[in-house]
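The values are calculated or read from the model by the stated rules, or taken from the named source; none is laboratory data. What you are looking at is a predicted structure, and each value in this text was computed from that prediction instead of being measured. Cβ placement follows ideal geometry from the backbone for every residue including glycine, while neighbour counts extend to all protein chains displayed. Just the protein is used for accessible areas: all its heavy atoms, side chains included, with ligands, DNA and RNA removed. Shrake-Rupley method; radii C 1.70, N 1.55, O 1.52, S 1.80 Å.
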Amino acid sequence: MAGGQLNVLSTLDQAKTQWYHFMAIVIAGMGFFTDAYDLFCISLVTKLLGRIYYTDDSKDTPGALPPNVSAAVTGVALCGTLAGQLFFGWLGDKLGRKSVYGFTLILMVVCSVASGLSFGSSAKGVVSTLCFFRFWLGFGIGGDYPLSATIMSEYANKRTRGAFIAAVFAMQGFGILFGAIVALAVSAGFRHAYPAPSYSDNHAASLVPQADYVWRIILMFGTVPAALTYYWRMKMPETARYTALIARNAKQAAADMSKVLHTQIEESADRAETVAVGGESWGLFSRQFLRRHGLHLLATTSTWFLLDIAFYSQNLFQKDIFSKVGWIPPAKTMNALEELYRIARAQALIALCGTIPGYWFTVAFIEIMGRFWIQIMGFAMMTAFMLGLAIPYHHWTTRGHHTGFIVMYGFTFFFANFGPNSTTFIVPAEIYPARLRSTCHGISAAAGKAGAIIGAFGFLYAAQDQHKPEPGYPRGIGIKNALFVLAGTNFLGTIMTLLVPESKGMSLEVISQEVADGDDEEAAYPK
């Protein structure tokens, strides 16, 4: 490792914040808006799917998805996301960030529409096609993680890079809220147009035939924001760091950035060849990588894994938790569309009061507090609030205390997003060499999705009552004990964060040891 910084990269690091940066945030952010909508809107409609395809009018309670079906419908997109993160992360380093960026968006649009058009003459047929298309939807979503993070980190200046990457990720909050708003609007419209009695009053009449359109409309609506940004994604130039450091064409990188920064950047054609680029002679599975970045990869994978166990458990099964604590009435006291409306209203409230503010607190404070301290604080506070829910759980479930439970529950979302849910996305986009940046971010994100899969499949069974589980489910450990387990995973996340390096205010090349930069080189990995 030796040599100075390329002119084009120094110019990017020192560039003033301008319109080009905000355009990049919007273009990359709308991908995450769509990602969140597509991943979490399924939790809004699973109760409705159970009523439509699994109701037996001879029973006193409306139909629900069987355990294996519920787990598959909820978790299959996460499996696709994990595969997509690994594949597109690797591809982003091999072919370039931009060249595969548009393909992920097309895949998301097509599969989102196809999910809503799931066909079949039986419940099994509909669910099978739904799961098939949601897997490939997740595959496209997976590509958005490493590509969007890497593109934003490589476009940004070093003073505000963390805030810009956080702003891209913060669009997830608006995607979750938008999903709830769409579900509210669609369910309210159909409920008004096709009034129906509650299930307890009339089993058959509580589910109107038109309800089958409702979940399809909700799933397909996520294509709109994604499709709107496709043109602008294709107009974005390749990042200068890929062009200069990996494609070895510093002159082209300077020309591309001169256009977007509206300033003249001079770089000789052979300049890249004269700069020693760290990591050129070794790869991901080498001793050199293990020595320089082994602990960092352990840190970014383990913290994201632990965070997503808790985060996805909370998000995907909000409706079940709210029902069990009594915030949403028993299913038999409502018709199908009324239940969907109440679930969407609860998710919208949590998103407005906890999820979205947490994301934007990170944007506001990450360049002040740094990545390390925000992540430590977030994990610690999530642990505290989970214990605050679990220890007096029976108190929260008694009449008159439901509001307190929701407030505490909302704070766990706030500190997830003003904490590790944001920083685990940001740090892997900053600390690895350019030629492995997208790959390592994809690996870290895939570890997170492995945790999400555990949360999606495991929490569904673990939260079942120890003595009286729901029909079709084995006995679980109950929600109270499940909350204790989630508190434990958050505490482990706090411990593993001690391995996470601070990258605030430094050039990407200095952080990853690709260039020497005087005294800054010694500070490449502070705590």
With the Cα gyration tensor of the stretch 159-235 in hand, give its eigenvalues times 5 under a square root as the equivalent ellipsoid semi-axes, listed largest first in whole angstrom.
38, 15, 8
Per DSSP helix of 4 or more residues, -39500 (n - 2.57); summed, then divided by the residues of the chain. What does that give at 222 nm, rounded to the nearest 500?
-23000 deg cm²/dmol
Two-decimal Rg to Rh for the stretch 1-77 - Kirkwood Rh, Cα set
1.42
Taking the alpha-carbon set of the stretch 67-129, what are its Rg and Dmax in Å?
14.8, 44
Putting +1 on Lys and Arg Cβ atoms and -1 on Asp and Glu Cβ atoms, find which of HIS402, MET23, ALA416 reaches farthest to the positive end of the dipole of the chain.
HIS402
Once amide hydrogens are built 1.01 Å from N within the peptide plane, the residues lying 5 or more places from TYR199 or on another chain with amide H under 5 Å from its amide H are MET334, ASN335
Dipole check, the chain, charges on Cβ (K,R +1; D,E -1), about Cα centroid: among TYR213, GLN85, ALA193 the Cα furthest to the positive pole belongs to ALA193
From the mean inverse distance of alpha carbon pairs (Kirkwood) and the Cα radius of gyration, derive Rg over Rh for the chain.
1.00
Mind pulling the angle between the C-alpha long axis of helix 42-54 and the longest principal axis of the chain? Nearest 10 degrees, somewhere in 0 to 90.
30
Roughly how many Å² of GLU266 are accessible to a 1.4 Å probe, to the nearest 10?
120
Count neighbours as other Cβ atoms within 10 Å of each site's Cβ, and list the trypsin sites (Lys or Arg not before Pro) in the stretch 1-96 that are DSSP loop with at most 11 such neighbours.
LYS16
Taking chymotrypsin sites (Phe, Trp or Tyr not before Pro) that fall in a DSSP loop and have at most 12 other Cβ atoms within 10 Å as cut points, what is the longest piece of the chain between them?
286-527
Per-residue HN-Hα couplings for the stretch 157-165, Karplus 6.51 cos²θ - 1.76 cosθ + 1.60 at θ = phi - 60°, whole Hz, x for Gly and Pro?
7, 6, 6, 10, 4, x, 5, 5, 5
Which parts of the stretch 454-494 would a label at VAL407 reach, counting a residue when its backbone N lies under 14 Å from a point 7 Å out along Cα-to-Cβ?
none
In Å², nearest 10: area of ILE343 left accessible to a 1.4 Å probe:
10
Cα long-axis angle, helix 67-95 against the chain (0 to 90 degrees, to the nearest 10):
10
Enter the accessible area of THR439 (Å², nearest 10), with the probe set to 1.4 Å and all protein chains included.
20
Past 31 Å, Cα to Cα, is the threshold; run LYS47/LYS94; LYS47/LYS98; LYS480/LYS504; LYS98/LYS124; LYS94/LYS124; LYS47/LYS480 against it and keep the listed order.
LYS47/LYS94; LYS47/LYS98; LYS480/LYS504; LYS98/LYS124; LYS94/LYS124
Sparse-neighbourhood loop sites, trypsin sites (Lys or Arg not before Pro) in the stretch 388-480 - DSSP loop, at most 16 other Cβ within 10 angstrom:
ARG399, ARG475
When the distances between all Cα atoms of the stretch 325-465 are binned every 5 Å from zero, what whole-number percent does each bin get?
2, 9, 13, 16, 21, 16, 10, 7, 4, 2, 1, 0
